[in-house]
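Peer 1: Mind having a look at this structure? Questions to follow.
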Ligand SMILES: Cc1ncc(C[n+]2csc(CCOP(=O)(O)OP(=O)(O)O)c2C)c(N)n1
Ligand SMILES: [Mg+2]
């Protein structure tokens, strides 16, 4: 894989997205622990680099499909924090009027198409969106996010095969956080590298450090260019770690302590911040200003969510049954 360094503006844009994801996540967990919000929440803390380095290269027309652990993907692609927070809180002002919650986020005007709780389902949906774009002669690409565990589901293999046969403009992004629920990677996956599975489907398989924004940026750049040129799909495996267990409430006893401590010590967020300053892409003051503006955004998002109304009981069946659309 050829490696190029993005310009300083792009590198700082990646930092901004990572900051938005991290601050939002920290604050959501704080609100849950304080009893202000109640939901099943699958934190992506630790995985910020991946959607941030990909999304700076996408347009609003490009599609995103993700999974229950996908708030980071949605924020990076452009789901407004206010609408996210209201949706998480189940309020009528949320992106799905409070009916979707954390596992069913969508915001099509920014290309945020679907979040699914069905492991392995993001990939066939992405193939459908990719096929639609191809049939209409559009240049948009579709990014399908999923986890390491999902790469053992039949739909992964069927989707990669179909996408390769039809040269669909899809980028399959496996966010390998080394665990599927409570099962360690090696206990459930036959190969050392998921990227190697791409060879079976005659497409490039790129294995990158998912905590290195420049590595992810370059892999995505290559995959996006290939998809836009009509050359077909790519599988990217981005290796990372989830800091907050499978979902909030999971104490993570099954993770060996040294592995957890090593990952936290190597937290990609402060590491990237320091790297930007040391390499003079930004000053500490520039990054402090970004942090402050993001903090304000999250303050506003939380206040908006908390002060919004719950949906009226009459909303229960609206947007659910086809007969109601007519
Ligand atoms: C079809 C299906 N089978 C099982 C589950 C239960 N389940 C929810 S998350 C999960 C683990 C998925 O792990 P991975 O793909 O690595 O994603 P991660 O949660 O680590 O991001 C499982 C088995 C499900 N939601 N859907
Ligand atoms: Mg996983």
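Bear in mind these aren't lab numbers, they're just calculated from the coordinates by the rules spelled out. Note that the structure is predicted; figures quoted are calculated from it, not measured. Because the Cβ atoms are built from the backbone with ideal geometry, glycine has one as well, and the counts that use them run over all protein chains shown.
Peer 1: What shape does the stretch 158-222 take by its C-alpha gyration tensor, where a ≥ b ≥ c are the square roots of the eigenvalues and a/c under 1.5 counts as rounded, a/b above b/c as prolate, and the rest as oblate?
Peer 2: Oblate.
Peer 1: For a test of the definition: using alpha carbon positions, the gyration tensor, and the 1.5 limit on a/c, classify the stretch 1-94 as rounded, prolate or oblate.
Peer 2: Verdict is prolate for the stretch 1-94.
Peer 1: Now, a different point. Taking the Cβ of each residue in 7, 25, 13 as the centre, tally the other Cβ atoms inside 10 Å and list the residues starting with the fewest.
Peer 2: 7, 13, 25
Peer 1: Of the peptides 179-189, 297-307, 254-264, 146-156, how do they stack up when ordered by the mean number of other Cβ atoms within 10 Å, highest first?
Peer 2: In descending order of packing, they fall as 146-156, 297-307, 179-189, 254-264.
Peer 1: Still on this structure: Please report the spacing between the Cα centers of the stretch 83-141 and the stretch 147-200 in Å, no decimals.
Peer 2: Spelled out, the Cα-based centre of one part sits 20 Å from the other.
Peer 1: Going by Cα centres, the stretch 35-68 and the stretch 210-267 are how many Å apart?
Peer 2: For the stretch 35-68 versus the stretch 210-267, the Cα centre distance is 12 Å.
Peer 1: Now, a different point. Ranking request for peptides 39-48, 234-243: highest mean number of other beta-carbon atoms within 10 Å first, then the rest in descending order.
Peer 2: Final packing ranking: 234-243, 39-48.
Peer 1: Please report the base-10 log of the normalised intensity I(q)/I(0) for the stretch 215-326, using a Debye sum with one equal scatterer per alpha carbon and no solvent, at each q in 0.16, 0.18, 0.19 (1/Å).
Peer 2: After summing over all Cα pairs, the log10 values are -1.12, -1.09, -1.09.
Peer 1: Now a separate question. Relative to the present Cα-Cα distance, how much length would full extension add between residue 280 and residue 33 at 0.36 nm per residue of separation?
Peer 2: That works out to 85.1 nm of additional length.
Peer 1: On the Cα set of the chain, report Rg and Dmax in Å, please.
Peer 2: Over the chain's Cα set, Rg and Dmax evaluate to 19.2, 59 Å.
Peer 1: Take the alpha carbon gyration tensor of the stretch 85-138, find the square roots of its eigenvalues, order them as a ≥ b ≥ c, and report rounded if a/c is under 1.5; if not, report prolate when a/b exceeds b/c, else oblate.
Peer 2: Taking the square roots of the gyration eigenvalues as a ≥ b ≥ c, the stretch 85-138 is oblate.
Peer 1: Could you work out the helix-only [θ] at 222 nm for the chain, with each DSSP H run of four or more residues adding -39,500 (n - 2.57) and the total divided by the number of residues, to the nearest 500 deg cm²/dmol?
Peer 2: One gets -13500 deg cm²/dmol as the mean residue ellipticity at 222 nm.
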